[in-house]
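Provided herewith is a single structure, encoded as C-alpha cells, for subsequent inquiry.
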Amino acid sequence: MKPSHIIRNRFLMAAVFSLTVNFLQAQNNFGKIEQIKAGVLDIGYAEAGAPSGQPVILLHGWPYDIYSFKEVSALLAAKGYHVFVPYLRGYGTTRFLDAATPRNGQQAALAADVIAFMDALKIEKAVIGGFDWGARTADIVAVLWPERVKALVSVSGYLIGSQQANKAPLSPKAELSWWYQYYFATERGEKGYEANRRDFDKLIWQTASPDWKFSDAVFAQSAAAFDNPDHVAITIHNYRWRLGLVQGEAKYDELEKKLATFPVITVPTVTLEGDANGAPHPDPANYAAKFKGKYAHHTITGGIGHNLPQEAPKAFADAIVEADGFAK
C-alpha cells in the first residue's frame, strides 16, 4: 500500500471513530463519553457522581452495553458514589490502540483491561459489579488482584471457567441453552453474526429475559455499541476460546493456570440472581462456598431476567451499597 493510501485510510478511520463517538454521546444520558488510553485499548466510558466519592466500576455483558447501568449509576451517584461504566473491548467507543493487537476475547484479557483502566484513572481500589461477561470479569479481578477490589457484586455468582473444564459434556437440556456458542464455533456462525448482529442480539435479549418487555428504542440505544468494528471478532474469539477451539495470548497463560484451579473469592461479596433468568446460569447453592469473605445472596423476584441491573436497577444499586458496607 502506498504511503498516501495509508494516510488516507488513517484519516478515514479517525473520521469514522469521531462520528461514532458523537452519535453515542448524542444518545447517552450519562453525559459525555470519556476516552482514556489504558493498556492495549482506548477505552470509552461513562462517569457519574462526585470525584470525591467511593469509586465503583460497573461491567456489562454480552450482548449488552453501558446502558444496562444507566439507572444504577444515577442511584449510586445520588448516594455519593463515583461511578465508572466502561465499554468492554469490542463495544461502543472502545478501540484497540494498535491494529496488529490480537482481537482476543479470553477471560483473563478482559480482566486485565479492568486493571489497566483503573491504573490509567489512578483508581487504587474500587467496588466492582457486573453481570454476564462483566460478572465473570469482576470475579476474576477479585481473584487475581484482590488488593484492588474493596467489594464485589456478581450476578449469577461464580462464573470463572477454564478450557479444560469446558471439555466435559453437559446434559442435553443444558447443551441446548448454549446453542449460540456452538453456532459461533462455525464459519457459518461467524458470518451469520456479522450479517445479523442486531437481530441476533435482540433474540438473545428476548430469550435471556423472557418477562422483560423492553421497547425497540431501549434496544436500539444499546445496539449502537455493537457496531464497534471489533465486536464480532471479540465475540467469536470469546466463545471459541472457551471450547478450546482457538488459543489465547501467551502473556495470559499463567493467569489462566491460576483461574483453572477455580480459586475462592475472599473479598466481601453480594451475589444476585433474577427469578426469570432465561440464560444459562448456575444454581446459587452450587457456588456459595466459593465466597470466603463476608457474603450474601439475593434472588430478585418479579420476572427479573438476565440483564438484572437494567431490569431491577434499585436491587443492583442496593447490592453495591450492601457489599460496600461489608467492607467497612
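May I ask you to say which residue of L24, L19, L58 is within 25 Å of Q206 (Cβ to Cβ) and at pLDDT below 50? So that I can check it myself, show each step before the final result.
Values: L19 fails: within 25 Å of Q206 (Cβ to Cβ); L58 fails: at pLDDT below 50.
Only one candidate passes the filter, namely L24.
Would you please list the contacts, defined by Cβ atoms under 8 Å and residues six or more apart or on different chains, that run from a residue in segment 239-250 that is modelled with pLDDT of 95 or more to a residue that is among the β-branched types (V, I, T) and outside any helix (DSSP H, G or I)?
Between residues of segment 239-250 that are modelled with pLDDT of 95 or more and residues that are among the β-branched types (V, I, T) and outside any helix (DSSP H, G or I), the close pairs are R240/V246.
Look at segment 193-236 and say how many of its residues are of a type outside the set (K, R) and not in a helix (DSSP H, G or I).
9
Which of the following residues is of a type in the set (A, V, I, L, M, F, W, C) and under 30 Å from G303 (Cα atoms): L203, L245? Write out each step before concluding.
Values: L245 fails: under 30 Å from G303 (Cα atoms).
The conditions single out L203.
Just checking, does segment 58-79 include any residue being surrounded by 21 or more Cβ atoms within 10 Å (Cβ to Cβ), of a type in the set (D, E, K, R) and touching a Phe, Trp or Tyr at 6+ places or on another chain (Cβ under 6 Å)?
Yes: segment 58-79 contains one or more residues that are surrounded by 21 or more Cβ atoms within 10 Å (Cβ to Cβ), of a type in the set (D, E, K, R) and touching a Phe, Trp or Tyr at 6+ places or on another chain (Cβ under 6 Å).
Restricting the search to segment 146-170, which residues are buried (at least 18 other Cβ atoms within 10 Å of the Cβ) and free of Cβ contacts under 8 Å to residues at least 12 places away in the same chain?
Once the filter is applied, which keeps residues that are buried (at least 18 other Cβ atoms within 10 Å of the Cβ) and free of Cβ contacts under 8 Å to residues at least 12 places away in the same chain, segment 146-170 yields nothing.
Assess whether I36 counts as being outside any helix (DSSP H, G or I), modelled with pLDDT of 95 or more, buried (at least 21 other Cβ atoms within 10 Å of the Cβ) and aliphatic (A, V, I, L, M).
Numbers: outside any helix (DSSP H, G or I): yes; modelled with pLDDT of 95 or more: yes; buried (at least 21 other Cβ atoms within 10 Å of the Cβ): no; aliphatic (A, V, I, L, M): yes.
Criteria not met by I36.
Could you tell me whether S73 is of a type in the set (S, T, N, Q), under 16 Å from V321 (Cβ atoms) and touching a strand residue (DSSP E or B) at 6+ places or on another chain (Cβ under 8 Å)?
Details: of a type in the set (S, T, N, Q): yes; under 16 Å from V321 (Cβ atoms): yes; touching a strand residue (DSSP E or B) at 6+ places or on another chain (Cβ under 8 Å): yes.
Spelling it out, S73 is indeed of a type in the set (S, T, N, Q), under 16 Å from V321 (Cβ atoms) and touching a strand residue (DSSP E or B) at 6+ places or on another chain (Cβ under 8 Å).
Would you check which residues across segment 171-226 are in contact (Cβ under 8 Å) with a residue 12 or more places away in the chain and farther than 20 Å from D132 by Cα and list them?
Correct list: G189, E190, E194.
Could you grab me the full set of residues in segment 102-122 that are over 21 Å from W133 (Cα atoms) and not in a helix (DSSP H, G or I)?
Those that are over 21 Å from W133 (Cα atoms) and not in a helix (DSSP H, G or I): L121, K122.
Could you list, in sequence order, all residues of segment 244-301 that are crowded, with 18+ Cβ neighbours inside 10 Å, assigned to a strand (DSSP E or B) and of a type outside the set (A, V, I, L, M, F, W, C)?
T269, T271, E273, G274, Y295
Could I ask something else about it? Has segment 126-133 got any residue that is in contact with a strand residue (DSSP E or B) (Cβ under 6 Å, 6 or more places away or on another chain) and part of a helix (DSSP H, G or I)? If you could, list the steps in order and put the result at the bottom.
Start the filter on segment 126-133 by keeping residues that are in contact with a strand residue (DSSP E or B) (Cβ under 6 Å, 6 or more places away or on another chain), which leaves 126-131.
When the remaining residues are screened for being part of a helix (DSSP H, G or I), the result is none.
No - not one qualifying residue is present in segment 126-133.
Which members of segment 313-328 meet the condition of being modelled with pLDDT of 95 or more and surrounded by fewer than 24 Cβ atoms within 10 Å (Cβ to Cβ)?
P313, K314, A315, D318, V321, E322, D324, G325, F326, A327
Here is a list of conditions, (1) in contact with a Gly (Cβ under 9 Å, 6 or more places away or on another chain); (2) over 25 Å from V270 (Cα atoms), and W179 meets all of them except one; can you say which number that is?
Condition not satisfied by W179: (1).
The values are calculated or read from the model by the stated rules, or taken from the named source; none is laboratory data. Worth saying up front: this structure is predicted, and the values here are computed from it rather than measured. For neighbour counting, all protein chains shown are included, and Cβ atoms are generated from backbone atoms with ideal geometry for every residue, glycine included.
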